[in-house]
Every structure is written in structure tokens, then in C-alpha cells.
1. Could you give me the residue pairs with C-beta distances under 6 Å whose first residue belongs to the range 116-145 and is of a type in the set (G, A, S), whose second residue is part of a helix (DSSP H, G or I) and surrounded by 15 or more Cβ atoms within 10 Å (Cβ to Cβ) wherever it lies, and which are 6+ apart or on separate chains?
2. What are the residues in the range 283-297 that are among the polar types (S, T, N, Q) and crowded, with 17+ Cβ neighbours inside 10 Å, if any?
3. T162: at pLDDT below 95, more than 29 Å from T78 (Cβ to Cβ), open to solvent by 10 Å² or more (accessible area, probe 1.4 Å) and among the polar types (S, T, N, Q), yes or no?
4. What residue, among those in the range 238-255 that are in contact with a strand residue (DSSP E or B) (Cβ under 7 Å, 6 or more places away or on another chain) and within 16 Å of G88 (Cα to Cα), is surrounded by the most Cβ atoms within 10 Å (Cβ to Cβ)?
5. Could you please let me know if H192 is of a type outside the set (K, R) and open to solvent by 70 Å² or more (accessible area, probe 1.4 Å)?
6. Which condition breaks for A205 when tested against (1) under 22 Å from the mean Cα position of the chain (by Cα); (2) more than 20 Å from A92 (Cβ to Cβ); (3) in a helix (DSSP H, G or I)?
7. Select from the range 1-36 the residues that are free of Cβ contacts under 8 Å to residues at least 24 places away in the same chain and surrounded by fewer than 19 Cβ atoms within 10 Å (Cβ to Cβ) and list them in ascending order.
8. Which numbered condition in (1) at pLDDT below 95; (2) more than 19 Å from the chain's Cα centre (by Cα); (3) open to solvent by 60 Å² or more (accessible area, probe 1.4 Å) is the only one that G132 fails?
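The values are calculated or read from the model by the stated rules, or taken from the named source; none is laboratory data. A quick note: this is a predicted structure, and the numbers were derived from the prediction, not measured. Here the Cβ positions follow ideal geometry from the backbone for every residue, glycine too, while neighbour counts run over all protein chains shown. We work out accessible area using only protein heavy atoms, side chains counted, and drop any ligands, DNA or RNA first. Shrake-Rupley method; radii C 1.70, N 1.55, O 1.52, S 1.80 Å.
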Amino acid sequence: MLVLVAPGQGAQTPGFLTPWLELPGAADRVAAWSDAIGLDLVHYGTQADADAIRDTAVAQPLLVAAGILSAAALGDVTPGAVAGHSVGEITAAAITGVLDDAAALSLVRRRGLAMADAAAITETGMSALLGGDPEVSVKHLEKLGLTPANINGAGQIVAAGTLKQLATLAEDKPEGVRKVVPLKVAGAFHTHHMAPAVETLAQAAAGLAPADPKVPYVSNKDGRAVATGAEVLQRLVGQVANPVRWDLCMETFKELGVTALIEVCPGGTLTGLAKRALPGVTTLALKTPDDLDAARALAAEHA
């Protein structure tokens, strides 16, 4: 049983889209998306520096475009389930047919702009906690006024809040936490700081006509497999201000009988978590087109 997953913000690196644009038709496809949403995805995916693509309004459409492009390059693959981490949920919605590519890129463009506006109200950010006991860490974060915005499993929790609160966390780590790593994001996503973005996203979603997912869509909200496009879209709106429960998503993968997991471009983060939390599951990250042959072989065996 194969699961296709899509990474969230912070997975982007300068120039990561360059080799993908060499695939037949890819450059024209991304250029058309760029025109449609008013953002030069080709430039940001090939030439822009790390600071430029850290911008929430840029990073989110860039990640969804790359995920859709790399998933399409896999060819005719039918996974047993799909899921995405944070903004990767929009990529997953496109992969499983809830949204067509144009609708997915339009929605993520609105999402990125709305979350960037919300993040500009207060200086906020996110940091990953490596190691430690989740229950101990969550209590410690709440004591510092921080939100456990991503509970990723495999011993990783991401804290979100003001930069002052995160600086305090770096000096006062929860017991057992080995390291606190600041993430390449520009706001406290999946917290109350993003509440202003929810209404904007709801308005954007109201004009869409989602289809039901072709394969089970595993939601960040609670790890549950969602069967209708309307509910997927509703959850996409609310998740910008709600914690990501990737740990529960991986529990659902186990229950579904996952044997292989492929992470679409820019892969690496979610396969790393799966290697620790899903022992015995074969994982593969699509980083460049050079990974496609191995991914197709894996899909042929497990899909």
C-alpha cells in the first residue's frame, strides 16, 4: 500500500525547481500557472535566494506548484492514500482530484497572501523541538505562552509564537529536548496568530467546486481519512489556525497498512519522520527528476 505525501513550508531551498523545469512541457506549465496567479514561480524556483523564497506569499505557491509538477511526472500512479503537511494539504487535494491545478494554485496564492498579512501584525515564528517527551514538551510550551503548532511524531514538535517567546524557549528547553531549531518560515502558523487569514481563505474557498477525493485523503486536523471534497475544503480553511497533527496522520497510514511512502518535491522532511515513526515502511523523497525511475519502480510494487 503506497501513500503519497506533500511537504509543508520550510522544505523549499534556492533553485530547487530548476531541474524539474527541464522535463518536457514543465516550463510552459509553470509559466502558465505564474501568469494565472500573478507570481513568477519560475524566477522564484530557479533564481531567487533563500530570503526571497522564505516569504510566505512566495513559498506556499512555489511548494504546491513543485508538488503538483513532480506528482504528475510520476505518471499513472494510484496510491492507497494521500496527505500533505500544512500547505502540502493543498498539494494533496490536487493530487487526489479534489481541486484541479488552477484552483489549487489560486487557493494557495490567496492563502499565502492572507497568512503573510496575518504574520505582519506581530513578529512571530516557529521552532522545532528535537527529542524529549511530547507530553512534557507541550506543557512546557504552554507555560511559555507558545503553541504546539505541529505535532509531527517521531519525537518532533514545532512550537509557534512571538519571537520573544521563541527566544525564551531557546534558553529554557523542555526536559529531554536535545535541540531547538528555528524554521525557515515567516510567522506562527497554525496558531491564533493566523485567525485573520481564516476569513479570507473561507471567502476564496466559497467560489470553488471541490470534487470528492479519488483515494482516501488523510487530514492534518485529526489524522482521519476524509471522503468528501466539501469536507476537505472546509478543513483546508480551518487548518491555517489549527495545529497540524502529522503524528495522527502517520497512525492512520499504519492502520491503512502502508508499505511504502513517496514524498513529492521538495521531498525529505516527511520521509525523515516516516523513517523514525514507520519502521519497515520503504520511503523515497522526490528531490530531483533523477529520483523518478526509483519512485516509479516503488509505486509499481506497492501502489
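1. So the pair list comes out as A116/T56; A116/A57; A118/M194; A118/P196; A118/A197; G125/L166; S127/L166; G145/Q165.
2. We begin by selecting, within the range 283-297, every residue among the polar types (S, T, N, Q); these are 283, 288.
Result: T283, single match.
3. On the way: at pLDDT below 95: no; more than 29 Å from T78 (Cβ to Cβ): yes; open to solvent by 10 Å² or more (accessible area, probe 1.4 Å): yes; among the polar types (S, T, N, Q): yes.
No; evaluated as a whole, the condition is false for this residue.
4. Taking the range 238-255 first, the residues in contact with a strand residue (DSSP E or B) (Cβ under 7 Å, 6 or more places away or on another chain) are 243-247, 249-250, 252-253.
Now narrow it down to the ones that are within 16 Å of G88 (Cα to Cα): 243-247, 249-250.
Values: P243: 19, V244: 25, R245: 22, W246: 30, D247: 19, C249: 28, M250: 27.
Checking each candidate, the answer is W246.
5. On the way: of a type outside the set (K, R): yes; open to solvent by 70 Å² or more (accessible area, probe 1.4 Å): yes.
So H192 passes the test.
6. Going through the list (1) under 22 Å from the mean Cα position of the chain (by Cα); (2) more than 20 Å from A92 (Cβ to Cβ); (3) in a helix (DSSP H, G or I), A205 breaks only (2).
7. Going through the range 1-36, the residues free of Cβ contacts under 8 Å to residues at least 24 places away in the same chain turn out to be 24-25, 27-28, 31-32, 34-35.
Answer for the range 1-36, where residues must be free of Cβ contacts under 8 Å to residues at least 24 places away in the same chain and surrounded by fewer than 19 Cβ atoms within 10 Å (Cβ to Cβ): P24, G25, A27, D28, A31, A32, D35.
8. (3)
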